[in-house]
Amino acid sequence: MTDMNNKFMNDNDEHRDNDPKERMRKKVKKAAGIALCAVLAGGLAAGSFEGVNAVTGWNSSKVEAASSEKENTTLLQTKSKEKDKSDSKDDSKSEKAKGSLDVSDIAAEGMKSVVAITTKSVQDVQNYLGYYGFGGSQGYTTQQEVEGSGSGIIVGKNDDNLLIATNYHVVSGADTVSVTCIDGETYEATVNGYDEDKDLAVVSVALSDVSDDTLDEIEVATIGSSDDLKVGEQVIAIGNALGYGQSVTTGIVSAKNRKLDENGQADEDSDGTNLIQTDAAINPGNSGGALLNMKGEVVGINSAKLASTEVEGMGYAIAISDVSDVLENLMNETPRDKVDNHGVLGITGMTVSDDASQNYGVP
C-alpha cells in the first residue's frame, strides 16, 4: 500500500515536472528566493555599515554638515573682520569729524595757558566845554584814568616769575598791568620787555604772589610750528574778547605770510612781521591771545583784524615761528617799572590871538 502511494506521488511529481505551468511556477519561486536573499544580504551589509559607523563615530552626513558649518564660521569671521574694519573706519571718520567739529577738549586745555590782561593808564583828555578866554571859547585838558583789556599766553616759568607773552599795543602806555588766570584769580604784573616793531611784549608775575591753587590750574603753553600750517587747516582762537573774560572762536587758516602796513592795510612789500590770516573771529580784547592748531599748540599770537562794512572774517595773528627768538630775548630781560617818580609839569600852552594881545597886553 505504501509502495503504491509512493509510486502514485512520484507519478504525480513527474506529471507536475512535465507540466509547463508547474515548471514556470518553480522558476518564479526560485527567482523570488534569490531576490529575498539579496535583500537580506543588502540589509545585513547596511546594518553592519551603520553598526561600524556607530562604533567608530564616523558619519558622512555629519562631516558634510561640519564642513558646511566650518565654511559658514569662516565666512562669518570674514564678515566680522570686514565689519570690524568698517567699524574702525567709521570710528576713524567719527574721530576725524569730531576733531574738525568739536574743539571742546582742545579749548579746555588751551584756556589753561591763556590769561586775561587788564591795564590802567592816565591819559590827557581835552575838554571843549570850557571857558571863554583869549581868542574865544577855549577848551582845557584834564587827566582821566582809562582801562584797557587784552590777552596773554603763558610761555614760560622760571624760579621767580611766570612769563606771559602779549602784544605791545596791549600794554603800551599802561601804568598798571594785571592778569587774570583761568581760575578767576587776578595778579599784578610787570612789563619785562617789548618790541614795538614786532608788536610783542612779555610781562611777568611773581610766583610768590601766585596761589598754589592757581598754579595747579594753569599750564605753560606748548609752542608749535606756524611754518607747518596749511591753508584750510582748522585753528582755534582763545582770548579776552571785549574784556568779558575768556572765550573761544574757531575758523581756518585763510592765508599765510600776510603783511600789514602802519595803517592796517595789506602790504606784501612791508618789513612787518609775517601774519597768519584767519576767519576765526578776532575781536577787541583778543589781542595777545593764542591761535592754536588742532594739536593744541600755539601757532600764532592774535594781534589784529580788518574792520569795515566791506570786510568780513579777516583776522590776523603773528606767526609764532618767526618771533620765537624775539620772545625768548624779551623773557630774559629785566622787568621794567613804568613809574620812574619823575616830576610832572602841569602847564598847558595855547596860541594868543592878535586881538587878545592888544586888549590884554599879552605878548
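A compact table of results
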read-out: Prolate/oblate/rounded label for region 244-329 (Cα gyration tensor, a/c 1.5); value: oblate
read-out: Links that overshoot a 29 Å alpha carbon limit, given the list Lys120/Lys305; Lys198/Lys230; Lys157/Lys198; Lys157/Lys259; value: Lys157/Lys259
read-out: Inter-label distance for Glu219 and Ala206, nm, one decimal - labels placed 7 Å from Cα along Cα-to-Cβ; value: 2.9
read-out: Residue-normalised accessible area of region 158-312, expressed per residue, 1.4 Å probe, Å²; value: 48
read-out: Shape of region 187-334, Cα gyration tensor, a/c cut at 1.5; value: prolate
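The values are calculated or read from the model by the stated rules, or taken from the named source; none is laboratory data. Bear in mind the structure is a predicted one, so any value in this text is a computation, not a measurement. Positions of Cβ are generated from backbone atoms using ideal geometry, with glycine treated the same way; all protein chains shown enter the neighbour counts. Ligands, DNA and RNA are stripped out before the accessible areas are found, and what is left, the full protein with its side chains, is counted by its heavy atoms. Shrake-Rupley method; radii C 1.70, N 1.55, O 1.52, S 1.80 Å.
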